[in-house]
Amino acid sequence: MQNIQMKKTLYILSILLFVFNSCKKENSPQKINCGSSNLISYITSQDLIKCKYITGSYWVYVDSVSLQYDSVYISNYSQGFMEENVCKNKYEHHSFQTVSFTTNNTKDYAVVAGGLFKNVNGFNTGTKIYNEYSSANSYTNFIINRLDSMYVYDQYYYNVLKATIDNDASEQNRKSIYYINSDFGFLRHEIYQNSALILNKILIRKNILR
């Protein structure tokens, strides 16, 4: 009788041990295989390299809604590599900050292999507003159209990307439409509030330095 009771006890303990080990395996975090060497991603697109605007560059706009003028200039510029936290992979970037002369508001931008991002605050952050012209595709919350040419203020611009963002986090989640040419930068920017156009900044002068 004692042997039977002992066998029952050992059997129950073995089941509990199996369940415990199974739960421990399920709850333990899975290791991410980062490979033997860290990835270094470079900007190779000539179109994106042309977005490397540096200190001394500026754009002058007129808002067709308010009829106000504003100049936006680059206050600082840097380049180097962003590093992500998990595998420590590195990504080449060209970063710059713009300042509005009228409002003194600042905006941070970064060019990486994936495109031009606005309101950047570290790795994999910001709103994508421009992609390589030659390989433009549509993404979630980022719809783009390629325009062979576009007339802005007093001249034609060629190879323009029109990026439509329904909920632009960099503009208080309002709808934004950007028209950008990598040779000359930001050609036009429209902002909508409940389908009403509340801002339409049109480029009238620029000074581009790289």
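Each value in this text was obtained by applying a stated rule to the coordinates, not by laboratory testing. All values reported here derive from a predicted model rather than from experimental measurement. Every residue, glycine as well, gets a Cβ built from its backbone with ideal geometry; the counts of neighbours run over all protein chains shown.
Numbers at a glance
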quantity	calculated
Ranked list, fewest to most other Cβ atoms within 10 Å of each Cβ, for Ile40, Ile129, Ile74, Ile54	Ile40, Ile54, Ile74, Ile129
3J(HN,Hα) from dihedral phi, the range 63-73, Karplus parametrisation 6.51/-1.76/1.60, rounded to Hz, x for glycine, proline	8, 5, 7, 9, 6, 8, 9, 8, 10, 10, 10
Simple spin-label estimate for Leu209 and Val86 in nanometres, 7 Å along Cα-Cβ	4.0
Packing-based ranking, highest mean first, of 143-150, 41-48 given that Cβ atoms within 10 Å are counted	41-48, 143-150
Table column - 3J(HN,Hα) (Hz), the range 186-200, Karplus curve with 6.51, -1.76, 1.60, x for Gly and Pro	7, 8, 7, 9, 10, 10, 10, 10, 6, 6, 9, 6, 10, 8, 9
Pairs from Lys50/Lys175; Lys88/Lys201; Lys175/Lys206 whose Cα-Cα separation, in the structure shown, is over 28 Å	Lys88/Lys201
Förster radius 25 Å - calculated FRET efficiency between Ile40 and Thr106 (Cβ-Cβ, nearest 0.05)	0.25
Fraction in percent of alpha-carbon pairs per bin - 10 Å, the range 40-207	10, 39, 40, 10, 1
